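Structure, as structure tokens:
The values are calculated or read from the model by the stated rules, or taken from the named source; none is laboratory data. As the structure is a prediction and not an experimental result, all values here were calculated from the model. Every residue, glycine among them, receives a Cβ derived from its backbone with ideal geometry; neighbour counts consider all protein chains shown. Surface areas here come from the heavy atoms of the whole protein model, side chains and all, with no ligands, DNA or RNA. Shrake-Rupley method; radii C 1.70, N 1.55, O 1.52, S 1.80 Å.
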Amino acid sequence: MPEKLIYMDNSATSPVNPEVLEAMLPYFNEEYGNASTLYTLGVEAKKAVDKARQQVAELINAEVDEITFTSGGSESDNMIIKGVALKEKQKATEENPRNHIITSTIEHPAVLETCKFLEKFGYEVTYLPVGESGIIDLEDLENAIKDSTILISIMHSNNEIGSIQPTKEIGEIAHKHDVLFHSDAVQSAGKIPVDVKDQNIDLLSISAHKINGPKGVGAVYIKKGVYLEVLIHGGGQEKGLRSGTENVPGIVGLGKAAEIAKNNLKENMEHNRQIRDELIEKVTSTIKDSYVNGSLENRLPNNVHFRFSGIEGESLILRLDKKGINGATGSACSTHDLKGSHVLAAIGIKPALSHGSLRLSIGPENNIEDVDYIVESISEVVSYLRNISPLWDNKTDTYIGDMFEKEVDEEDLDRY
């Protein structure tokens, strides 16, 4: 076992804040009531849920009754996209099928796979490309809107490369054309300012375990006047939008995590940005042929995504783990998938190079004092892996993978 653990995969999940755990514990044993019952235990549980709803609303500048609790980000995305699609389909006419959705090529699978599912049932989806920074072109977005467009779903920030989208401008375009705007803010809420009113957002997805809360709980913001078709039927909990007994401990944990994130937002942003920028400067200046994927300016303060020519990212992760450093090759949702990252493919990085990537995502528990050890460890492992790589010429100390790389078409990308 390594002497110390430096956890830098907070975009995958984050450790539960001790204050969050303390807030949750009573609702496992002492205050164990069902929030839908009328006796005192149930009433106290309902009060706890209501308090959490207020805390989440304040994090994103929403109204209390605009927050609905879910099991996490993936359910939130599904609930919103399918809910809008089914509700709007009821308004369809022969002239206007109301079946067109716009999203981007770098969305989380919870959005992309939901859109692909809807295509099976006659919905039309436009997947907007992104530039090398991972940001959509607003002109492309506006040109893609049709009379039949019902929803624009563009993530607030990317879970792999941290690129932040111009949500305010996207919302302005959507509303100009009377189209709803949904943003997956799972990586943004609690990390950077998210204001649904200022940023013209109608629907939003968030998750607790990305902000030092518990796994298995999240929320959706649904603007007043926006209606979804209900997907989960039963007891009518959450104003009938999401039936099922409320996960009171989890909801309390999400609420407390949201409160802490809001109160510490500026301090944490500066802390994360300082470590991120130090990592970028030292890694790129120390290791030859090392690059940062995504935008340097419009990126999450806690995200840095490196690319190293001539190595395999999985080997890099495993060898860093032996040194006590936890990072990722990309999204945790695709860690066990040998295909190349769809996000890196979308920003124009060839598969052989995308496999040599490392995502480090910073949290409050990380320290600037650890940066030198992290950089030294990465440098040592990259050097070792290049020495045994057929894509690296050790005599000239250069990457030679380009001579084996072919131009890839869509069929090739599907295999990675």
Here's a check for you: in region 6-29, which residue that is more than 24 Å from the chain's Cα centre (by Cα) and aliphatic (A, V, I, L, M) is surrounded by the fewest Cβ atoms within 10 Å (Cβ to Cβ)?
Leu25
Taking the condition open to solvent by 40 Å² or more (accessible area, probe 1.4 Å), part of a helix (DSSP H, G or I) and within 25 Å of Thr13 (Cα to Cα), does Lys262 pass?
yes
Exception for Ile192 within (1) aliphatic (A, V, I, L, M); (2) farther than 24 Å from Met269 by Cβ; (3) surrounded by fewer than 24 Cβ atoms within 10 Å (Cβ to Cβ) falls at (2)
Could you tell me how many of the residues in region 30-53 are under 32 Å from the mean Cα position of the chain (by Cα), outside any loop (DSSP other than H, G, I, E, B) and surrounded by 15 or more Cβ atoms within 10 Å (Cβ to Cβ)?
7
Given (1) in contact with a strand residue (DSSP E or B) (Cβ under 6 Å, 6 or more places away or on another chain); (2) part of a loop (DSSP other than H, G, I, E, B); (3) closer than 19 Å to Gly134 by Cα, index of the condition His182 fails:
(2)
Could you list, in sequence order, all residues of region 312-329 that are closer than 28 Å to Gly131 by Cβ and open to solvent by 10 Å² or more (accessible area, probe 1.4 Å)?
Glu312, Glu314, Ile317, Gly327, Thr329
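Would you say Asn268 is surrounded by 24 or more Cβ atoms within 10 Å (Cβ to Cβ) and among the polar types (S, T, N, Q)?
Working: surrounded by 24 or more Cβ atoms within 10 Å (Cβ to Cβ): no; among the polar types (S, T, N, Q): yes.
Spelling it out, it is not the case that Asn268 is surrounded by 24 or more Cβ atoms within 10 Å (Cβ to Cβ) and among the polar types (S, T, N, Q).
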Consider only pairs whose beta carbons are under 6 Å apart and that are at least six residues apart or on different chains; among these, list those whose first residue lies in region 158-176 and is farther than 21 Å from Gly73 by Cα and whose second residue is among the charged types (D, E, K, R) and surrounded by fewer than 23 Cβ atoms within 10 Å (Cβ to Cβ).
Ile173/Glu142
Restricting to region 135-157, name every residue that is in contact (Cβ under 8 Å) with a residue 24 or more places away in the chain, open to solvent by 70 Å² or more (accessible area, probe 1.4 Å) and of a type outside the set (Lys, Arg).
Asp147
Would a scan of region 396-405 turn up a residue that is surrounded by 14 or more Cβ atoms within 10 Å (Cβ to Cβ) and assigned to a helix (DSSP H, G or I)?
yes
In contact (Cβ under 8 Å) with a residue 12 or more places away in the chain, under 14 Å from the mean Cα position of the chain (by Cα), within 29 Å of Asn212 (Cβ to Cβ) and surrounded by fewer than 24 Cβ atoms within 10 Å (Cβ to Cβ) - does that describe any residue in region 93-108?
yes
Do we have any residue at all in region 55-65 that's in contact with a strand residue (DSSP E or B) (Cβ under 7 Å, 6 or more places away or on another chain), open to solvent by 10 Å² or more (accessible area, probe 1.4 Å) and closer than 16 Å to Leu118 by Cβ?
no
Examine region 265-277 for a residue that is more than 30 Å from Gly42 (Cβ to Cβ), modelled with pLDDT of 95 or more and in contact with a strand residue (DSSP E or B) (Cβ under 7 Å, 6 or more places away or on another chain), and state whether such a residue exists.
yes
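Condition first: acidic (Asp, Glu) and surrounded by fewer than 24 Cβ atoms within 10 Å (Cβ to Cβ). Now tell me which residues in region 163-188 satisfy that.
Glu169, Glu172, Asp178
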The residue from Glu160, Glu229, Glu132 that alone is open to solvent by less than 10 Å² (accessible area, probe 1.4 Å) and in a loop (DSSP other than H, G, I, E, B) is Glu160
Of Ser331, Ser389, the only residue that is at pLDDT below 85 and either in contact with a Cys (Cβ under 9 Å, 6 or more places away or on another chain) or over 19 Å from Lys282 (Cα atoms) (or both) is Ser331
